[in-house]
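Just so it is clear, none of the values below were taken in a lab; they were calculated from the coordinates. In this text the structure is predicted, and so the values were computed from the model without any measurement. Because the Cβ atoms are built from the backbone with ideal geometry, glycine has one as well, and the counts that use them run over all protein chains shown.
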Amino acid sequence: MLDDFFVRALLVSVGIGAVAGPLGCFLLWRRMAYFGDTMAHSALLGVALGIILGTSPIVSVFAIVFIAALSLLFLQKVVHLASDTLLGLLSHSALALGVVILALSGSTLGHGLLSYLFGDVLAVTRGDLIVVWAGGLVCLAVLAYIWRPLVALTVHEDLARAEDSPVERSQIIYMILIAGAVAAGMKVVGVLLIVALLIIPAAAAQSLSRTPEQMAVLAAVIGMLASSGGMYGSLVLDTPSGPTIVVMALILFLVSLVIRPLSRVLESVQ
Amino acid sequence: MNTESTRLIEARGVSIRRKGRQLLHAIDISVDRGEVVTLIGPNGAGKTTLVRVLLGLLQPDSGRVQRDTSVRVGYVPQHLHLNSTMPISVKRMMGLTGRPSLNAIKAALEETGAEKLIEARMSDLSGGELRRVLLSRALLRHPDLLILDEPVQGVDYIGEADLYALIAEIVGRHGCGVLMVSHDLHIVMAATDRVVCLNHHICCTGVPQEVVGHDEFQRLFGTRAGAVTALYQHSHDHVHESADVVPVPEAVVPVSGEVVAATGENTYRRMPHPGGQRDAG
């Protein structure tokens, strides 16, 4: 069964969806969507450096994205620029630099570049599948471990600190997890759309949840639904799978918007 | 009582400079068990900075803060910028950093009269309800020292009197020490053992009657000081009466260090309304 390229692609996308949902909740709560975008765009620079250095792209992307996140945190403290200016500067410079280095390295820019930008999940190998699922499980376990401190510092950083919650450690571990998700998710939806997979399922889960934990679980479920639905959609409609997954996530988000008002109407009718 | 053994926290000579401005200069402050200390001063006087130093969140450039490791601190921050995208119930908020039992959560909420809110969303709470929930949360830790930064932030003036009465009740029951921060001075004075008046340096300190007569205090808070003395003495024998004679809360809020002076008599009798302070001044 795993020999079938579609089944492999489906399983990889579902795995990414399950991890991206809960991780994305914090991007929402901490208003860091653009921050995530910047991390994702720097992934292309990682790809380019990986090709030059001859390493596996997933390793170089992970390293570059993590470094980009740390330098962003550092620059925000020392440079007197508005935070969105800084993000835009870093985000697009990294993307442009990545494309320029790719061109200089002599790699063919045609389909190769597109697959990095929008993903090429149908090309995943059996090895990719194992990496994504093993990495995904580790990622979820670590996220569960730092979950409570992360929620605490999101509600009130000083309060969390005053009550001896490990603030810095949790923040850095979270960055590592996001870097891992970007590196793995790049295969599925590409660097331009990976943030959508982080943000949209979380946004869809938000109005339907009462606690942060409910929202995380629901975001994981919606992420998996979007991935599997998107994969089937792309098969039926013969559309690119990455963008179709994102469109599916958007549809689920729109559905979530009407569920609450609809349930209220139903309650009042009864 | 031996003051040495009941000292909960003590700061000596704390100074902080940031971006060329002296935020705090040679601050000495301490809180003993069972004592309510109110830190008072105009907006931007460095009150929250001092609180962050005392909590160990900010390292002073010079001076030191002494707090025995056995002293548990309950902290109620001034603001809670709850992101509306984060769904969080009061029950979950109570277990933000610890893992209290449901019974402990209920007991802590009952103590502040907020037990009915246990299933409510934090984002749906009113100002007064939010203050009570945050206070309950601090009590869950069985604190020896309560640090309350503007404990009546966002509360209407009748609610203020209730909250101060509640804080006094909690001190009586738990025997903890309290450090309270206020930019305003009226009712808070009645429930206070010691007032520390801060404007980057300590202007004056002492029991409320002494402090309100102090030159520097009068310079900071204008002629309102007189009314406070009256209020203090008036409410001395009966706490609840303070609610009947609440002065205009906004009348003396000094905006960016500038004192809005209002004659004590005028503001004292009038019910607060937006135009009140301008008329009085």
On the formula 1/(1 + (r/R0)^6), with r taken between the Cβ atoms of A:Val269 and A:Lys77 and R0 of 56 Å, the FRET efficiency rounded to 0.05 is 0.55
When all Cα-Cα pair distances of the stretch B:118-189 are considered, the percent exceeding 13 Å is 66 percent
Between the alpha carbon centres of the stretch B:27-48 and the stretch A:114-138 the gap in Å comes to 57 Å
Per the stretch B:71-119, sqrt(5λ) over the Cα gyration tensor eigenvalues, sorted largest first, in Å, gives 18, 15, 12
In the neighbourhood of B:Arg18 defined by beta carbon distances under 14 Å, the net charge of the other residues (Lys, Arg +1; Asp, Glu -1) is +4
Check: C-alpha center the stretch B:114-136 vs C-alpha center the stretch A:244-270, spacing in Å is 29 Å
Whole-Hz Karplus couplings 3J(HN,Hα) for the stretch B:101-112, θ = phi - 60° and coefficients 6.51, -1.76, 1.60, Gly and Pro as x, run 6, 4, 5, 5, 4, 4, 4, 5, 6, 4, 4, 9
Any residue on another chain or 5+ positions along whose placed amide H is under 5 Å from the amide H of B:Cys203 is listed here as B:Cys197, B:Leu198
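Over chain A, what is the relative contact order in percent, taking alpha-carbon pairs closer than 8 angstrom and at least six residues apart?
With pairs under 8 Å counted, the relative contact order is 31 percent.
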The stretch A:58-97 -> Rg/Rh from Cα coords, Kirkwood Rh, value 1.01
Taking only the alpha carbons of the stretch B:1-89, the radius of gyration and the largest Cα-Cα distance, Dmax, both in angstrom, are 15.4, 50
Once Lys and Arg are counted +1 and Asp and Glu -1 for all other residues with Cβ under 13 Å from that of B:Gly172, the total becomes -2
One point scatterer per Cα, no solvent, Debye formula: log10 I(q)/I(0) for the stretch A:1-127 at q = 0.19 Å⁻¹ comes out as -1.17
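Suppose a student asked you for the relative contact order of the stretch A:137-270, using Cα pairs under 8 Å spaced at least 6 residues apart; what percent would you report?
Once divided by the residue count of the stretch A:137-270, the mean separation gives 19 percent.
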Cα-only Rg/Rh for chain A with Kirkwood Rh rounds to 0.99
Volume per residue (Å³) of the convex hull spanned by the alpha carbons of the stretch B:10-59 is 79 Å³
Taking a straight Cα-to-Cα line shorter than 17 Å from B:Lys91, and setting aside same-chain lysines fewer than 8 residues away, one finds B:Lys106, B:Lys116
Here the alpha-carbon Rg of the stretch A:120-270 over 2.2 N^0.38 Å rounds to 1.20
For the stretch B:107-181 the mean separation of alpha carbon contacts under 8 Å (6+ apart) over residue count, i.e. relative contact order in percent, is 33 percent
Expressed in nanometres to one decimal, the distance between label points 7 Å along Cα→Cβ at A:Leu89 and B:Arg219 is 4.3 nm
Along the stretch A:22-28, Karplus-curve 3J(HN,Hα) (6.51, -1.76, 1.60; θ = phi - 60°) to the nearest Hz, with x for Gly and Pro, reads x, 4, x, 3, 6, 4, 5
Projected onto their principal axes, the Cα atoms of the stretch B:32-76 stretch, largest extent first, over whole-Å spans of 32, 26, 18
The size of the Cβ-based charge dipole (Lys, Arg +1; Asp, Glu -1) of the stretch B:1-155 about the Cα centre, to the nearest 20 debye, is 540 debye
Rounded to one decimal in nm, the spacing of the 7 Å Cα→Cβ label points at A:Glu157 and A:Thr125 is 4.2 nm
For the stretch B:54-207, percent of DSSP beta bridges that are antiparallel (nearest 5) comes out at 40 percent
Taking Rh as the Kirkwood radius computed over alpha-carbon pairs of the stretch A:194-270 and applying Stokes-Einstein at 37 °C with viscosity 0.692 mPa s, one gets a diffusion coefficient in µm² s⁻¹ of 253 µm²/s
Log10 I(q)/I(0) at q = 0.12, 0.26 Å⁻¹ for the stretch A:125-213, from Debye over equal alpha-carbon scatterers, is -0.46, -1.29
For B:Ile9, other-chain or 5+-apart residues with amide H closer than 5 Å (H placed, Pro excluded) are B:Val31
The Rg/Rh figure for the stretch B:42-143, Cα atoms and Kirkwood Rh, to two decimals is 1.02
Diffing the stretch B:197-212: the Karplus 3J(HN,Hα) column from phi (6.51, -1.76, 1.60, θ = phi - 60°), in whole Hz with x for Gly and Pro, holds 9, 10, 9, 6, 10, 7, 6, 6, 8, x, 5, x, 4, 5, 5, 5
Taking only the Cα positions of the stretch B:94-216, the convex hull volume per residue in Å³ is 121 Å³
If amide H atoms are modeled at 1.01 Å from N in the peptide plane, then the residues at a separation of 5 or more from B:Leu146, or on another chain, having amide H under 5 Å from its own are B:Gly74, B:Gly177, B:Val178, B:Leu179
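On average, how much area does the Cα convex hull of the protein assembly as shown cover when viewed from any direction, in nm²?
Numbers: hull surface 126.1 nm².
Over every viewing direction, the Cα hull of the protein assembly as shown projects on average to 31.5 nm².
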